[in-house]
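Read through the structure below, which is laid out as structure tokens, and then see the notes.
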Amino acid sequence: MKVLDPGHRYELPHLDGDGTTTLTFVKREGEGYPGNVGHHEGVIMQEVLRALIDRAEYVDRQIPSAATSLAIECMQRACALLETRAAVRHGREIPLAHHAVYGTPHKDCGHVGCNGECGR
């Protein structure tokens, strides 16, 4: 992994080839985002975790493993905790853990359980 913009943009090397994938997290400026200079669109950590959970569940169906099952549980907890952080930060109800992982994220902010009231 190569850090392109600390906390926001990463270059990930491919296996079975010479390519790379750039992973870009949203970058916002303002009072709620101290230290950020510049802004751009991107994903939030929860969406990456949801993709990783889906991938791990797929792999676990191919070749079941207790280690993979535990990794899935850890990623689910991490996703739920990040959604809890967002809910507390924006003063809204904390989503249930299962809903935080498998619910539908709001189109503007990416958080589960938000109906647009977080104001991004």
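If I ask for residues that are in contact (Cβ under 8 Å) with a residue 24 or more places away in the chain and either of a type in the set (D, E, K, R) or assigned to a helix (DSSP H, G or I) (or both), which ones from region 37-66 would you list?
MET45, GLN46, GLU47, VAL48, LEU49, ARG50, ILE53
Within region 67-91, can you find the residues that are among the aliphatic types (A, V, I, L, M) and touching a residue at least 24 places away in the same chain (Cβ under 8 Å)?
MET75, ALA78, LEU82, ALA86, ALA87, listed by residue number.
Which of (1) polar (S, T, N, Q); (2) buried (at least 16 other Cβ atoms within 10 Å of the Cβ); (3) more than 21 Å from VAL26 (Cα to Cα) does GLN46 not meet, given it meets every other one?
(3)
I need the full set of residues from region 2-21 which are more than 15 Å from the chain's Cα centre (by Cα), closer than 21 Å to GLU41 by Cβ and either loosely packed, with under 11 Cβ neighbours inside 10 Å or not hydrophobic (A, V, I, L, M, F, W, C) (or both), in order please.
Going through region 2-21, the residues more than 15 Å from the chain's Cα centre (by Cα) turn out to be 2-6, 11-21.
Restricting the remaining residues to those that are closer than 21 Å to GLU41 by Cβ gives 2-6, 11-12, 20-21.
Residues satisfying the conditions are LYS2, VAL3, ASP5, PRO6, GLU11, THR20, THR21.
May I ask you to list the residues in region 69-95 that are in contact with an Asp or Glu (Cβ under 8 Å, 6 or more places away or on another chain), surrounded by 16 or more Cβ atoms within 10 Å (Cβ to Cβ) and modelled with pLDDT of 95 or more?
ILE72
What is the number of the single condition among (1) assigned to a strand (DSSP E or B); (2) closer than 22 Å to LEU81 by Cβ that THR22 does not meet?
Of everything listed in (1) assigned to a strand (DSSP E or B); (2) closer than 22 Å to LEU81 by Cβ, THR22 misses just condition (2).
Of the conditions (1) farther than 23 Å from PRO105 by Cβ; (2) outside any strand (DSSP E or B); (3) touching a strand residue (DSSP E or B) at 6+ places or on another chain (Cβ under 8 Å), GLY7 fails just one. Which one is it?
(1)
Looking at the structure I just gave you, is LEU81 in a strand (DSSP E or B) and within 29 Å of HIS98 (Cβ to Cβ)? Break it down into steps so the answer makes sense when it comes.
Working: in a strand (DSSP E or B): no; within 29 Å of HIS98 (Cβ to Cβ): yes.
No: the conditions fail for LEU81.
The values are calculated or read from the model by the stated rules, or taken from the named source; none is laboratory data. Since this is a predicted model, take the numbers as computed values, not measurements. Please note: Cβ atoms are built from the backbone with ideal geometry, for glycine as well, and neighbour counts cover all protein chains shown.
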